[in-house]
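Since every read-out is calculated from the coordinates, none of them should be taken as a lab result. Because the structure is predicted, anything quoted here is derived from the model rather than measured. Quick reminder, even Gly has a Cβ in these numbers, built from the backbone with ideal geometry, and neighbours come from all protein chains shown.
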Amino acid sequence: MADNQSSELFGQTPSQTVGPFFHYGLPWKGGADLVGATDIGARPDLMPEDHYLLAQPHATVTEPVETITIEGVVVDGQGVPTPDVMVEIWQADPTGRYAGESNSGFIGFGRSSTSEAGVYRFVTVKPGAVMDSDGMIQAPHIAFSILGRGMLKRLVTRLYFDGDVANESDPILGLVPHARRDTLIAKARDGVWRFDIVLQGDRETVFFDI
Amino acid sequence: MTTLSGYSRRKMTKPDTYSREDAGQPASLHPAYASTVLRSPRQPLVRIPQTLTETTGPRDWDRLMGGAMADLTTQHAAMPQGQRIIVSGRVLDEQGHPVPHTVVEIWQANAAGRYIHAKDQWDAPLDPNFTGAGRVITDGEGRYRFVSVRPGAYPWGNHYNAWRPAHIHLSLLGPAFATRLVTQMYFPDDPLIEIDPIANAVPMPQRQRMVSRFDIATTQPNWALGYLFDIVLRGSLATPMEQR
């Protein structure tokens, strides 16, 4: 039978779920802190201590910066929080530049496993507006990937910041039906940007085909 | 606002930098895999153009995650139990070009089919000498290689007498946010693959892309069996010049 090495089958490797047991393989300590100040992101409580082999936290930004916290609960189609989901983010730095375009040292990638209560949390900096090579301006935003047990492929969404005037003219928000746009807008509450992710059902988060 | 919407329409016609999903990708909802029923969106995905956000991606892997961990059999005091294996291959794009210097993260069960995870409670032995987590970086030709033990099959609660085929989880980011991929590598001649709802969320024949091949040239005499497994990420598309 044809297999991975068969030339007639050559093409995209299919996506599969991360399953429920990814915690000792993917989310490292500090992975959810993009400025390197804390060790959040991993779930070392889910494995014996001597089987935690992933990275230890270290500072990724040397200069003092103003940080923000982003937090939310991930819920399924019955509104039940999901304790076995992983959230990844990708974002520009405060000047709107992605890693590789600037020398700021900010990598802009983070990974957070959800807690038993289904909550993820990131500490990062607020990204600036992003300008594409053709001059298109995007409002400050953060790209999200959602992976987990029961998810055969990642879901992609975006976080925008409530109250940013640039949201009105953002070309991607403009493609989202008006009634659903609010699912992409994080709200500031008690000093935290709150951004819940609803996988299915009422107020289902808008997910993108990229 | 008319200017903006006109601009957005124009952007939608801009060629993608990376190809979109092909017909071999699973749907999010696959009811035979019961957990997908409440964890898959019901609204259609909103198609967006690939902006700078989707066409850039993280670098500096060793700064983020630490260095390579390519040998899963030497992470503890003694050798783990089980059949020692070598898994190697290349990370490629859809034109067959190598994807160099990209990270491949792996995790797997031990030889008895048990994960070193507090929530894996089935009655098979843990191995104190095996964690099952690794990380390799592709070389300039997109090649990678790691050493491990062959994972065992294990039961799960999806349906009566459900068993997952032996598999290794692989996670890749590739060059851009758009190329993110998590997959599973299966082993040749495993009778559990064709009755596994997770593998079968992928239609045939593309499902077979996830089945590695035993390779005697990769096998090392008196030491380890070798398997080949190439990973093909989305893109790159032909440049606009070539498309004209």
ask   = Which log10 I(q)/I(0) values, to two decimals, does segment B:57-238 give at q = 0.15, 0.16, 0.20 Å⁻¹ under the Debye formula with one point per Cα?
value = -0.93, -1.06, -1.51
inquiry  = Residue by residue through B:112-120, how many Cβ atoms from other chains fall within 10 Å of the Cβ on average?
reply    = 6
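For A:Asp164 and A:Asp190, what is the calculated FRET efficiency with R₀ set at 22 Å and r taken between the beta-carbons, to the nearest 0.05?
So, using R0 = 22 Å, E works out to roughly 0.70.
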request  = Work out Dmax and Rg for the protein assembly as shown from the C-alpha atoms and quote the Rg first, both in angstrom.
outcome  = 21.4, 71
inquiry  = Can you give the FRET efficiency to the nearest 0.05 for A:Asp182 and B:Arg145, using r as the Cβ-Cβ distance and R₀ = 45 Å?
reply    = 0.40
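What are the trypsin sites (Lys or Arg not before Pro) within segment B:171-218 that DSSP puts in a loop, where the Cβ has at most 16 other Cβ atoms within 10 Å?
On the way: sites: B:Arg180, B:Arg207, B:Arg209, B:Arg213; in loops: B:Arg180.
Here no loop site has a sparse enough neighbourhood.
Where nothing but the Cβ of Lys and Arg (+1) and of Asp and Glu (-1) is charged, how large is the charge dipole of the protein assembly as shown around its Cα centre, in debye to the nearest 20? Please list the in-between numbers first.
Details: 41 positive and 50 negative charges, 124 e Å.
Its charge dipole is roughly 600 debye.
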task = Measure nothing fancy, just the Cα-based angle from helix B:2-13's long axis to the longest principal axis of chain B, in degrees from 0 to 90, nearest 10.
result = 50
request  = For segment A:15-22, just list the computed ³J(HN,Hα) in residue order, Karplus coefficients 6.51, -1.76 and 1.60, θ = phi - 60°, integers in Hz, with x standing in for Gly and Pro.
outcome  = 7, 9, 5, 6, x, x, 10, 6
ask   = Tell me, which longest segment in chain B has none of the chymotrypsin sites (Phe, Trp or Tyr not before Pro) that fall in DSSP loops with at most 13 further Cβ atoms within 10 Å?
value = B:1-121
inquiry  = Could you work out the relative contact order of segment B:57-238? I mean the mean sequence separation of Cα pairs under 8 Å and 6+ apart, divided by the number of residues, in percent.
reply    = 28
Normalised contact order of chain A, rounded percent, pairs of Cα under 8 Å and 6 or more residues apart = 22
